[in-house]
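The values are calculated or read from the model by the stated rules, or taken from the named source; none is laboratory data. Source: prediction; values computed, not measured. Virtual Cβ from ideal backbone geometry, glycine too; neighbours counted across all protein chains shown.
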Amino acid sequence: MTGYLSHFQFPDEIENLQSVLRNSQTIPEILLSWLISFDRINWMNKICYYGRKRVYNSYSENAMKRHYHKTIRGEVVTFMVQLEVKYEGDWKEVVRYDCAHGYAHRDSYNLRGKHRKDELYLSFEDALTLADDDIDDNWETYKHRFLEGDLT
């Protein structure tokens, strides 16, 4: 049981549960002691309302979208949606929407190494929706502009 519990990241709860396991005789006693031993509402918020999604969507042989987002209790807390184009055997980022600096923004790139960052002034959830829709609708245009050397 200790090996299984070591995968949790809540040391206080693990220690309490391990103590209960050592001192209890039956499963009902273990469960009752465990439920009483720490704030189960706080624990449930840490565990049960957490979600991740990671998707790779191939538009063509040389264009794809990477999508990643994480939610806690239904709220988007981090995200990244990026269009990549294969150029001379390497995947290059063309446009990326993310919240890496604490705010939603769009990064645009070109083949010459130029880069532009535009703040979106949107919630993370709205920016994530915009990112998915924009890249799905405009990936071919962005790909052609990128290959021509323009910023998207």
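A few points about this structure:
- Of all residues in the range 131-152 being surrounded by 15 or more Cβ atoms within 10 Å (Cβ to Cβ) and touching a Lys or Arg at 6+ places or on another chain (Cβ under 9 Å), the one that is nearest to residue 61 (Cα to Cα): 139
- Candidate set from the range 117-135 (those that are assigned to a helix (DSSP H, G or I) and among the small types (Gly, Ala, Ser)); member that is nearest to residue 71 (Cα to Cα): 127
- Matching residues, the range 106-129, being under 21 Å from residue 143 (Cβ atoms) and out of contact with any helix residue (DSSP H, G or I) (no Cβ under 8 Å at 6 or more places or on another chain): 107, 108, 112, 113, 114, 115, 116, 117, 118
- Selected residue (only one of 43, 139 is modelled with pLDDT of 85 or more and not β-branched (Val, Ile, Thr)): 139
- Among residues of the range 110-128, those that are surrounded by 15 or more Cβ atoms within 10 Å (Cβ to Cβ) and either at pLDDT 95 or above or farther than 25 Å from residue 58 by Cβ (or both), counted: 6
- Single residue of the range 52-77 satisfying the filter (among the hydroxyl-bearing types (Ser, Thr, Tyr) and farther than 21 Å from residue 125 by Cβ) that is surrounded by the most Cβ atoms within 10 Å (Cβ to Cβ): 59
- Yes/no for residue 83 being assigned to a strand (DSSP E or B) and buried (at least 16 other Cβ atoms within 10 Å of the Cβ): yes
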